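Inspection log for the structure reproduced underneath, given as structure tokens.
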Amino acid sequence: MKGKHSKSRRPLRLNPGATGALVGLAFVGVAATTAAHASILSSGSDGGDKVTAAVATLPVKRTHSKKAAHASSDSRADAKASDDSGSSRSKVIARAKTWHPHTDQRVPYSQTSTHNGYRTDCSGFVSMALGLSKPGLNTVGLAASRYTERIKMSELKKGDLVMDALGTNTTRHVVIFEKWTDSKHTSYWAYEQRGHYGTDHRTRDYGLSDSEYKAYRPTNL
């Protein structure tokens, strides 16, 4: 027998329409989950690809730091600079060859005449090969820090200069270094515009046996 103040608890009942709606929603949820699992776990290589694709959609933590990215960028910049320098040096030699050194078509030497706007003396020829303004600098001008910097003879590379910038216009001279003739650096191949001949390509030892000649590196290389 129940107490005086107790109330009987009655079970919650849903009307038939609400019950049907809940059952329908539950069925749809189960069907969707089953279909998704079946798609991922289907047999054959496609199934493996779908699993991989599903995993690939998950966020991936990046392991490349900003420092590594900057280092990679700097390496590419250094490589490009190196490539550009090599290309510029090759262009110097290519321009020197346009005066047909050591052939019957060579440009005759003169301190007053010009060829394609450049003086046809040694410094005019070098100015042309370096791509400087016409009619070209004289030897003293080429030795100025704006256009060249002193280097050691052992540091010479293709397109560098060996020059005697002292004395008068009849004693000063400059040649374009191309390459060493041997591993001992006893002489080198050079392009030059020499007196009483014109454009030439021959082996020289200026700067190796004569202290008046110094090695210079053009600032645009």
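The values are calculated or read from the model by the stated rules, or taken from the named source; none is laboratory data. Please read all numbers here as calculations on a predicted model, not as lab measurements. With ideal geometry, Cβ positions are generated from the backbone for all residues, glycine too; neighbour counts draw on all protein chains shown. Note: areas computed on protein heavy atoms with side chains; ligands, DNA, RNA excluded. Shrake-Rupley method; radii C 1.70, N 1.55, O 1.52, S 1.80 Å.
General remarks:
- For region 103-162 versus region 168-221, the gap between their alpha-carbon centres in whole angstrom: 11
- Amide H to amide H, with H built 1.01 Å from N, residue 160 comes under 5 Å of 177, counting only residues 5 or more places away or on other chains.
- For region 135-221, relative contact order (Cα pairs under 8 Å, six or more residues apart, normalised by length) works out to 34 percent.
- Area of residue 157 that stays accessible when all protein chains are in place (1.4 Å probe, Å², to 10): 110
- Point-to-point label distance, residue 171-residue 145, nm (Cα→Cβ direction, 7 Å offset): 2.6
- Spacing of the modelled spin labels on residue 212 and residue 180, each 7 Å from Cα toward Cβ, amounts to 2.6 nm.
- Rounded to the nearest 10 Å², the accessible area of residue 208 at probe 1.4 Å: 70
- The slack in the chain from residue 133 to residue 110, taken as 0.36 nm per residue of separation less the alpha-carbon distance, amounts to 6.4 nm.
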